[in-house]
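*Asks:* The structure's right below; bear with me while I get my questions together.
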Amino acid sequence: MTDVDAMARLLRDRYGNAGVVGLSDAEVEEVRRDQSVAELPREWRRFLSLMGRRAGGLLFEDADLFYPHILGIKRQALDELPSLRGRVARADDLVVVGTCRDCEFYVVGGPHAAGSEVVRYIKGEEAPSYGWPSFTALLRDEIDRVFRAEAGLGRSADEDGKLEGRLAKGFGRWRQKGQL
């Protein structure tokens, strides 16, 4: 079982099976073709198959990482981010996993990422401004944010206290990056 599997299970426990919905193999393949890559990053592919349509309370603060809205975002990112387009020799070496208000793009691969690192590009900036060591780290960050917000609104953890124990096992904070 992967970390993405564990997060999907945690979200299903909290929001029910109807609240966490993945994509079919055909839909995942549609996303791969839309991204124009031979393979999707392993973590992101697993995310799509388990919760690519809906992931409980995860909203990513005005960001869209869910199907079908993710279709076409790579093309959009390359069109709207000259700094990214100018530094990418071949667009088939990066994947755009999400967008926020059509001015921020979450990118795996490309000129600034090391391995499966996710970096956030903001329209008008030359280099990415934030990064996460992996797509899983980005998910952990969002789960942490949502659960803390719910706790602040008086929503309690699951009855047996498992939620708080799982949160304590390392949901990380996103890190601000300098020039990448």
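*Asks:* Among the residues of the range 9-26, what is the count of those that are out of contact with any Phe, Trp or Tyr (no Cβ under 6 Å at 6 or more places or on another chain) and either within 30 Å of L78 (Cβ to Cβ) or in contact (Cβ under 8 Å) with a residue 60 or more places away in the chain (or both)?
*Replies:* Total satisfying the criteria: 9.
*Asks:* Among the listed residues L40, L59, L71, identify the single one that is modelled with pLDDT under 90, out of contact with any His (no Cβ under 9 Å at 6 or more places or on another chain) and not in a helix (DSSP H, G or I).
*Replies:* L59
*Asks:* Oh, and also: Going through the range 118-149 one residue at a time, which ones are hydroxyl-bearing (S, T, Y) and crowded, with 17+ Cβ neighbours inside 10 Å?
*Replies:* Y121, Y130, S134, T136
The values are calculated or read from the model by the stated rules, or taken from the named source; none is laboratory data. Since the structure is predicted, the reported quantities are computational estimates derived from the model, not experimental observations. Cβ sites come from the backbone with ideal geometry, for glycine too, and all protein chains shown count toward neighbours.
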